[in-house]
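Data block below; observations after.
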Amino acid sequence: QAQFVESGGGLVQPGGSPRLSCASSKSSNDDYVMGWWRQAPGKQRELVATVTSGGSAAYADSVKGRFTISRDNAKNTTSLQMNSLRPEDTAVYYCNAGIGGISNMIPIYYWGQGTQVTVSS
C-alpha cells in the first residue's frame, strides 16, 4: 500500500502559477501511471492529468495548455505545474497511481490528504 503526501497548494491570485508536488512512499509506482485529480466543493473528484513511467503526459480539456505534469521515478515524486490559474481551478488536489488513461483511469491506492488550491483575488 502506497502513501501519498501532496504539497504546494495555497491561496493564489488568478493567473498565478503554483507547483504542486506529490511524494510517494512506494517505489514500485514506477510501473504505474501517476495522476493528479481534483475535487471542488460539491463536485465529484475529476482526473486532470496523467503521466506514464516513460514520461508521456495527457490532460483533461479543462487544463490542457495550462498545466504540466511530470514525474521523477528516482525520487518517487510527481509534480503538477499550474499556470494561468482561474477561479474554477479552486479545489483540493490529489495524486495517486492508477490503471488506464486520461478518460478512464482507476486509482489504485487510498487517497492522501490532498493540497488545497484556492484561486481568488
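The values are calculated or read from the model by the stated rules, or taken from the named source; none is laboratory data. Note that the structure is a prediction, hence the values are computed from the model and not measured. Neighbour counts run over all protein chains shown; Cβ positions are idealised from the backbone, glycine included. Please note that ligands, DNA and RNA were not included when accessible areas were found on the heavy atoms of the full protein model with its side chains. Shrake-Rupley method; radii C 1.70, N 1.55, O 1.52, S 1.80 Å.
Some observations on this one:
- Region 61-90, subset surrounded by fewer than 22 Cβ atoms within 10 Å (Cβ to Cβ) and of a type in the set (D, E, K, R), residue farthest from residue 46 (Cα to Cα): 75
- Only residues that are under 20 Å from residue 98 (Cα atoms), within 15 Å of the chain's Cα centre (by Cα) and open to solvent by less than 70 Å² (accessible area, probe 1.4 Å) were counted in region 30-48, giving 9.
- The set of residues in region 91-106 being surrounded by fewer than 19 Cβ atoms within 10 Å (Cβ to Cβ) and not aliphatic (A, V, I, L, M) consists of 100, 101, 103, 104.
- Test set (1) open to solvent by less than 30 Å² (accessible area, probe 1.4 Å); (2) touching a residue at least 40 places away in the same chain (Cβ under 8 Å) - residue 118 fails condition number: (1)
- Checked against (1) surrounded by fewer than 20 Cβ atoms within 10 Å (Cβ to Cβ); (2) more than 13 Å from residue 117 (Cα to Cα); (3) not aromatic (Phe, Trp, Tyr), residue 22 passes all but a single condition, namely (1).
- Candidates 51, 12 - the one that is over 28 Å from residue 1 (Cβ atoms), open to solvent by less than 50 Å² (accessible area, probe 1.4 Å), of a type in the set (Val, Ile, Thr) and modelled with pLDDT of 95 or more: 12
- Pairs with Cβ under 9 Å, 6+ apart, first in region 4-19 and charged (D, E, K, R), second assigned to a loop (DSSP other than H, G, I, E, B): 6/112; 6/113; 6/114; 19/8
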